[in-house]
C-alpha cells in the first residue's frame with residue numbers, strides 16, 4: 001500500500017466523512033425521527049465542514065464555488081483536488 005502525503009490523507013478523511021453523511025442521509029430518509037441518526041448526521045456534517053475548511057486553507061479550493069477570485073481565479077491556478085500530489 002502506498003504511503004499517503006498529508007494532502008492525500010486529508011482528502012481521504014473528507015471522502016470518509018462524505019460517505020458517512022451519504023449513508024446517514026439514506027438512513028434518515030426511512031427513520032426521520034431517530035435521535036441517534038440525527039446526532040450521527042450532525043456530527044459528521046460538522047466534521048466534513050471542518051475538514052473542508054482545513055483542506056481549503058492548506059491546499060486551495062475543493063470546488064470552483066469555494067474560490068474567492070478577489071485577486072485571481074484560484075480554481076485553475078493549483079492542481080485540482082483529484083490530482084495526486
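The label point for residue 26 and the one for residue 72, both projected 7 Å from the Cα toward the Cβ, are 4.3 nm apart.
When P(r) over Cα pairs in 5 Å bins from 0, in percent is computed from the coordinates, the matching label among [x] 2, 13, 16, 16, 12, 10, 9, 7, 6, 4, 3, 2, 1, 0; [y] 3, 14, 20, 18, 15, 13, 10, 6, 2, 0; [z] 3, 13, 19, 16, 9, 7, 7, 6, 5, 5, 4, 3, 1, 1, 0 is [y].
Residue 38 to residue 5: extension gain in nm, 0.36 nm per residue of separation minus the Cα-Cα distance? Mind showing how you got there, number by number?
Values: separation 33, 0.36 × 33 = 11.88 nm, distance 3.31 nm.
Stretched out fully, the residue 38 to residue 5 stretch lengthens by 8.6 nm.
Once the Cα atoms are used to define both axes, helix 35-59 deviates from the longest principal axis of the chain by about 0 degrees.
Can you tell me which of 58, 45, 72 moves the most in a GNM of the chain? Springs connect C-alpha atoms under 10 Å apart. Comparing 58, 45, 72 in a Gaussian network model of the chain, the most mobile one is 72. By the helix-only formula, in which each DSSP H run with n ≥ 4 contributes -39500 (n - 2.57) and the sum is divided by residues, the chain has a 222 nm mean residue ellipticity of -21000 deg cm²/dmol.
Where is the GNM fluctuation largest for the chain (alpha-carbon springs, 10 angstrom cutoff): 14, 62, 26? Maximum fluctuation in the GNM of the chain, among the listed residues, is at 26.
Between helix 6-30 and the chain there is an angle of about 30 degrees, using the helix long axis and the longest principal axis of the Cα atoms.
Only the coordinates and a few stated rules stand behind these numbers; no lab work does. Everything quoted here is computed from the prediction, not taken from an experiment. We place every Cβ from the backbone using ideal geometry, glycine too, and count neighbours over all the protein chains shown.
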